[in-house]
Amino acid sequence: MTTNLISYPKNNAKNKLWMAAIKPPMYSVAIMPIWVGTAVAFAETKIWNWAVFSVFLAAAILILAWENLSNDVFDSETGIDQNKHHSLVNLTGNKLLIFWLGNIFLCLGLLGILAIAWWQHDWTVIGLIMVCCALGYAYQGPPFRLGYQGLGEVLCFFAFGPIGMAAVYYSQTQSWSLQNLAASAIVGIATTLILYCSHFHQVKDDLAAGKRSPIVRLGTQRGAQLLSWFTASIYALTLVFVLTAIFPTWTLLSWVSLPFAIKLCRHVQQNHHNPEQVSNCKFIAVAVHFWCCLLFGVGFLL
Ligand SMILES: C/C(=C\COP(=O)(O)OP(=O)(O)O)CCC[C@H](C)CCC[C@H](C)CCCC(C)C
Ligand SMILES: O=C(O)C1=CC(=O)c2ccccc2C1=O
């Protein structure tokens, strides 16, 4: 009985660490480019290929799982995750297991995309997704580790925005679209916002490991100011694209996510210098991304 009482909080804390390591909410970043790219394709062609959509969705989730598992593997080699208790490598104590599990996810994900290419007798989609994976590798893997130079945000924007969404749109239509390119800028910025926010509470560990994240380079105060501009640009760009008739008016539904965006900017302005307080800002950014992209996609369907 006594053991149970004592072990409950311990198990609870362990479960929380595992949830933080697996990061379920983060997987919406894999879902939204597929959702919005397919919605744009439907708005233009009135065709929704459910088989391609479902396989692409599953593949994107598997590829993102690889990205996150290999991130823990590569970060364990630079020492940057020494204090990160929710690193999968630290939790399992088995780097090789995480490395190979990640590689299995990558192969399964790429097999899904290969199946789409095979159905279509066209290698364009697999080519584009392999470019996204290469950007994902260059972010964290040797010898590049471009995230350590502060270049992660640029890679993230192109992988989840213009390149990733071009692949999604092409998988539905086997053609290209300027409207989809404009929509990909919105999804790309919203996704990059999450990565940018993930650096605020890690300045000390990043400095110690030689990682020059944008927040290390700018300082937390200027970083917080830039965040507000960056967030505002999502809503301003959507409005500009609606006024220029590139997007349908209903895409302004994405503005319903503005309260989350305002909460994010205020929270970071007030707490940028306090790692413990600011550490949850990444999850507010996930909420901004989720609601903004979900409603943005709905706007193309109405
Ligand atoms: C793994 C990523 C961020 C984690 O960064 P960090 O090391 O600072 O975090 P921890 O503190 O938790 O260790 C995300 C990196 C994103 C990358 C630049 C681009 C990935 C592209 C995907 C692999 C492909 C997406 C395809 C699309 C169509 C879904
Ligand atoms: O763990 C993280 O911090 C992130 C994981 C992840 O997969 C991702 C994807 C796209 C943008 C940001 C992020 C993260 O910040």
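Taking the stretch 70-124 as the range and being within 30 Å of ALA166 (Cα to Cα) and in a loop (DSSP other than H, G, I, E, B) as the test, the residues that pass are HIS121, ASP122, TRP123. Test LYS23 against the stated conditions and say whether it is more than 19 Å from ALA115 (Cα to Cα), at pLDDT below 95 and within 11 Å of ligand 1 (Cβ to nearest atom). Considered against the rule, which asks whether it is more than 19 Å from ALA115 (Cα to Cα), at pLDDT below 95 and within 11 Å of ligand 1 (Cβ to nearest atom), LYS23 comes out as yes.
Here ALA287 meets the list (1) among the aliphatic types (A, V, I, L, M); (2) touching a helix residue (DSSP H, G or I) at 6+ places or on another chain (Cβ under 6 Å); (3) in contact (Cβ under 8 Å) with a residue 40 or more places away in the chain almost entirely, failing just condition (3). When the test is whether a residue is farther than 15 Å from ALA167 by Cα, modelled with pLDDT of 95 or more, more than 9 Å from ligand 1 (Cβ to nearest atom) and in a helix (DSSP H, G or I), ALA58 does not pass it.
Taking the stretch 131-156 as the range and being touching a residue at least 60 places away in the same chain (Cβ under 8 Å), in contact with a Gly (Cβ under 8 Å, 6 or more places away or on another chain) and more than 21 Å from ALA208 (Cα to Cα) as the test, only CYS132 passes. Beta carbons closer than 6 Å, at least 6 apart along the sequence or on distinct chains, never pair a first residue in the stretch 248-264 that is on the phi < 0 side of the Ramachandran plot with a second that is at pLDDT below 95 and of a type in the set (Ser, Thr, Tyr).
Could you please find all residues in the stretch 50-61 being surrounded by fewer than 22 Cβ atoms within 10 Å (Cβ to Cβ) and either at positive phi or under 18 Å from the mean Cα position of the chain (by Cα) (or both)? Of everything in the stretch 50-61, those that are surrounded by fewer than 22 Cβ atoms within 10 Å (Cβ to Cβ) and either at positive phi or under 18 Å from the mean Cα position of the chain (by Cα) (or both) turn out to be LEU57, ALA58, ILE61.
At least 3 residues that are within 11 Å of ligand 2 (Cβ to nearest atom), in contact with a Phe, Trp or Tyr (Cβ under 9 Å, 6 or more places away or on another chain) and under 26 Å from ALA261 (Cβ atoms) in each: list the helices (runs of 4 or more DSSP H) lying fully within the stretch 141-213 that qualify.
152-160, 178-197
Looking at SER54, is it of a type in the set (Gly, Ala, Ser) and within 16 Å of ligand 2 (Cβ to nearest atom)? Answer is no for this residue.
The values are calculated or read from the model by the stated rules, or taken from the named source; none is laboratory data. These numbers were taken from a predicted model, which means no experiment stands behind them. In this analysis, Cβ positions are derived from the backbone assuming ideal geometry, glycine residues included, and neighbour counts consider all displayed protein chains.
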